[in-house]
Amino acid sequence: MFFRLSSTPVTMVTMTSTTDRDVAEEQAAQRLLTALRTRQACAPVRDLIGAVDLPAAYRVQERLTAGRVAGGATIVGRKIGLTSDAVQQQMGVDQPDFGVLFDDMAYDDGALVPTDTLLQPKAEAEIGFVLSEDLADGDLGLAQIRGAVAYGVPAIEICDSRIDGWDIAFADTVADNASSGVYVLGTVRKTLDEFDPVDTTMSMVINGEEVSTGTGAACLGDPLNAVAWLAKAARDFGEPLRAGQVILSGALGPMRPLASGDEVTVEIGGLGSVGARFS
């Protein structure tokens, strides 16, 4: 992911009590939920929770998730962001982040995706995985991860930000459900016996022009490393990954902005292609 970081000093927030912290986090969640509901971008939430307070940011994300579920959305998986070393350095962090995938975020290959449901969409190409087993116990090492993957699919993630102008610090993107928008999964399904994620190549084309390229190694060295990181983080947060869930493992190359009328096609070598149009 690529972001426009604020050029103004960040105001660090000092909480004097648990009540103050809870109020600030609820205000941050409501700001983001309002932006989501009204389709009007909002100010960053770092003025409320600080710029790099990871636990606070995930608590806001949990409030956001609870609001979505209360509104009728169903959790169907997770996404991983900040898998690039360069972007981690830009954000001043040393780890990825994760967000929640809901059923109303999913589109089929070739779908017409309405852009009026999004604010500031940007497309990135990645590998999606569907799990055949829970990842709640054990060492969650690569061998266990490989055994828990039913299959991989080519995927387009449409990142989006409720924060005006993508003016985000680490806490802003985490709180905002890791800047999630919608996603499109291809119809080709291959097991890990049929392709190796780390060896894949990626090409993303928008309106006939190649705009992004990359490899499986660009995603934490191997997309399965990203899934292993997520499995451990999700378990630590008390919500382990479950069989049947979709996992978007992180970008294989730079993301690119989208506009109404654009057509996106992603080809992932050894895995297949996926496409969508935007109205």
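The values are calculated or read from the model by the stated rules, or taken from the named source; none is laboratory data. Computed from a predicted model, the values in this text were never measured in an experiment. Note: ideal-geometry Cβ built from the backbone for every residue, glycine included; neighbour counts use all protein chains shown.
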Residue tally, condition part of a loop (DSSP other than H, G, I, E, B) and of a type in the set (Asp, Glu), over the range 231-246: 1
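Among the listed residues Asp94, Asp104, Asp139, Asp172, identify the single one that is part of a helix (DSSP H, G or I) and free of Cβ contacts under 8 Å to residues at least 40 places away in the same chain. Talk me through it step by step, then tell me what you get.
On the way: Asp94 fails: part of a helix (DSSP H, G or I); Asp139 fails: part of a helix (DSSP H, G or I); Asp172 fails: free of Cβ contacts under 8 Å to residues at least 40 places away in the same chain.
Among Asp94, Asp104, Asp139, Asp172, only Asp104 is part of a helix (DSSP H, G or I) and free of Cβ contacts under 8 Å to residues at least 40 places away in the same chain.
To keep it simple, each residue is scored yes or no on (1) farther than 30 Å from Val198 by Cα; (2) in contact with a Pro (Cβ under 6 Å, 6 or more places away or on another chain); (3) among the acidic types (Asp, Glu).
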residue	(1), (2), (3)
Ala24	yes, no, no
Gln30	yes, no, no
Leu82	no, yes, no
Asp97	no, no, yes
Asp108	no, no, yes
Ala123	no, no, no
Selected residue [within 19 Å of Ala106 (Cα to Cα), part of a strand (DSSP E or B) and not hydrophobic (A, V, I, L, M, F, W, C)] from Ser249, Ser260: Ser249
Candidate set from the range 236-279 (those that are among the basic types (Lys, Arg) and modelled with pLDDT of 95 or more); member that is nearest to the chain's Cα centre (by Cα): Arg242
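Condition test on Ala178, is it aliphatic (A, V, I, L, M) and more than 14 Å from Ile80 (Cβ to Cβ)? Quick ask: steps written out before the conclusion?
Working: aliphatic (A, V, I, L, M): yes; more than 14 Å from Ile80 (Cβ to Cβ): no.
No; evaluated as a whole, the condition is false for this residue.
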Which listed residue, of Leu64, Leu33, Leu112, is aliphatic (A, V, I, L, M) and touching a Lys or Arg at 6+ places or on another chain (Cβ under 6 Å): Leu112
Selection status of Leu185, touching a strand residue (DSSP E or B) at 6+ places or on another chain (Cβ under 8 Å) and closer than 17 Å to Ser84 by Cα: no
Flag if Glu194 is part of a loop (DSSP other than H, G, I, E, B) and not hydrophobic (A, V, I, L, M, F, W, C): yes
Residues of the range 32-55 satisfying the condition of being of a type in the set (A, V, I, L, M, F, W, C), modelled with pLDDT under 95, within 17 Å of Gly165 (Cα to Cα) and not in a helix (DSSP H, G or I): Ala51
Residue under evaluation Leu220, criteria (1) surrounded by 15 or more Cβ atoms within 10 Å (Cβ to Cβ); (2) over 19 Å from the mean Cα position of the chain (by Cα); (3) at positive phi; (4) not hydroxyl-bearing (Ser, Thr, Tyr), criterion not met: (2)
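Asp193 - would you say it is modelled with pLDDT under 95 and acidic (Asp, Glu)?
no
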From the options Ala169, Ala175, residue that is over 29 Å from Gly138 (Cβ atoms), out of contact with any Ser or Thr (no Cβ under 8 Å at 6 or more places or on another chain) and of a type in the set (Gly, Ala, Ser): Ala175
Residue within the range 143-150 that is β-branched (Val, Ile, Thr) and within 15 Å of the chain's Cα centre (by Cα) present: no
Output for the range 6-29, where each listed residue is of a type in the set (S, T, N, Q) and either in contact with a Phe, Trp or Tyr (Cβ under 9 Å, 6 or more places away or on another chain) or at pLDDT 95 or above (or both): Gln27
Residue count for the range 154-175, restricted to those that are over 14 Å from Arg31 (Cα atoms) and touching a Pro at 6+ places or on another chain (Cβ under 8 Å): 6
